[in-house]
1. Which value, in Å² and to the nearest 10, is the accessible area of Thr52 when all protein chains are kept and the probe is 1.4 Å?
2. May I ask you to derive the FRET efficiency for Gln42 and Asn77 from their Cβ-Cβ distance with R0 = 22 Å, giving the value to the nearest 0.05?
3. Sort Leu60, Leu110 from largest to smallest accessible area, using a 1.4 Å probe on the heavy atoms of the protein chains.
4. Solvent-accessible area of Glu64, probe 1.4 Å, all protein chains present, reported in Å² to the nearest ten, please.
5. Give, in nm to one decimal, the length gained when the segment between Arg107 and Leu60 is fully stretched (0.36 nm per residue of separation minus the Cα-Cα distance).
6. Considering only the other residues whose Cβ falls under 14 Å of the Cβ of Thr50, what net charge follows from Lys and Arg at +1 and Asp and Glu at -1?
Amino acid sequence: MVRRTRGVVAAAIVALACVLTASTALAQITTATVIGTVKDTQGGVIPGATVTLISDTRGLLSAETTTDATGNFVIPNVTPDTYTVQVALEGFKTLKASGIIVSSGDRLNLPAIVLEVGTLSETVQVTG
């Protein structure tokens with residue numbers, strides 16, 4: 001009987017430890033990841049474009065990255081906020097999409113970002 005009680009107590013302690021560890025780990029997620037793809041108007045991917053997140057509430061540059069060979073980008077460790085995504089590349093109009101809401105723990109996959117041929121001084125403003 002004593003041996004059985006010890007087994008039950010040990011199992012309860014292990015279960016409690018697992019629950020506490022899991023809830024602590026979940027509570028520590030305070031940032032998000034923003035991912036997407038940049039394409040041209042014909043649907044071709046655009047490598048080498050500069051993708052910038054700008055905080056709408058603070059007006060500060062929050063993160064910047066460059067698209068890879070397949071036109072994809074990943075911006076990790078993004079603080080929850082509302083952002084404008086700016087995408088620029090020489091030979092294309094700069095695109096700005098505002099109203100991007102990022103929450104803690106998000107893995108936010110943006111719809112394809114389409115750049116139009118033009119100059120960097122021309123800007124396409126998208127409000128979403």
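1. 10 Å²
2. 0.10
3. Working: Leu60 95, Leu110 20 Å².
Of Leu60, Leu110, the descending order of accessible area is Leu60, Leu110.
4. Surface open to solvent at Glu64 totals about 120 Å².
5. Working: separation 47, 0.36 × 47 = 16.92 nm, distance 2.14 nm.
Answer, rounded to one decimal: 14.8 nm.
6. That sum, taken over residues with Cβ under 14 Å, equals -1.
The values are calculated or read from the model by the stated rules, or taken from the named source; none is laboratory data. Keep in mind it's a predicted model, so treat the numbers as computed, not measured. Note that we place each Cβ from the backbone using ideal geometry, even for glycine, and neighbour counts take in every protein chain shown. Areas reflect the complete protein model, heavy atoms only, side chains present, ligands, DNA and RNA absent. Shrake-Rupley method; radii C 1.70, N 1.55, O 1.52, S 1.80 Å.
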